[in-house]
């Protein structure tokens, strides 16, 4: 019996403390605001997709020959193919081969990384000259995008503080420390995919365009964040 009473006595202070803490939070005076910030940055990582297909090749040369011609041309442009040229996928039509007994036709997909629109234009133009026209822009990015994201979030918090201060001053009060901060994920705008302009119109695929006429320019990558903040209200 004594053990039971002792256990009850131990629970009472803990329960009372919980009630006290909850009451203090409810009665706490604060102001809640949302700060927003955005930034536009230029892409410096342009991912190009190149498809080599023996079936579509007019000169009827092998994938290995087309691959060598492509590598030579990219090197002439100034692209480091050891770092910036990757094989993404390779496939062959084995089913067609089994049915017709013709030679196996291969297809290979590559990814090339360039750093500016001018170089991207050169890739389209020079590859078309050697009969490689299945080239498209896959994605845009920036090498420092993580740092820019942090910067935008910091600006959003600063905007929230300035807004809270202005509102508090309107009622002859002031704000104290921040007691709650929440990042609103739905405020993030990611427009890095297929975000470019070719001769004045937006597209993610320029198959069939005349490479000699291409004038590629890229839209800015836009980052936008909203931060919810609560500050003490004095």
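Any chance you could run the full-extension gain for residue 180 through residue 136? It's 0.36 nm times the residue separation minus the Cα-Cα distance, nm to one decimal.
On the way: separation 44, 0.36 × 44 = 15.84 nm, distance 4.54 nm.
Length gained between residue 180 and residue 136: 11.3 nm.
Along Cα→Cβ, 7 Å out, is where each label goes; now give me the distance between the ones at residue 53 and residue 172 in nm to one decimal.
With each label point 7 Å from Cα toward Cβ, the separation is 7.6 nm.
Quick one: grab the alpha carbon gyration tensor of segment 27-86, order the square roots of its eigenvalues as a ≥ b ≥ c, and give me rounded if a/c is under 1.5, else prolate or oblate depending on whether a/b is larger than b/c.
Numbers: a/c = 5.29, a/b = 3.45, b/c = 1.54.
Prolate is the answer for segment 27-86, as a/c is 1.5 or above and a/b outweighs b/c.
Given a Förster distance of 25 Å, report the FRET efficiency between residue 28 and residue 149 from their Cβ-Cβ distance, rounded to the nearest 0.05. Before the final figure, lay out each step's value.
Details: r = 31 Å, r/R0 = 1.25.
Efficiency at R0 = 25 Å is approximately 0.20.
Any read-out appearing in this document is the output of simple, stated calculations on the displayed coordinates, not a laboratory observation. Predicted model, so just to flag it, every value in this text is computed and none were measured. Note: ideal-geometry Cβ built from the backbone for every residue, glycine included; neighbour counts use all protein chains shown.
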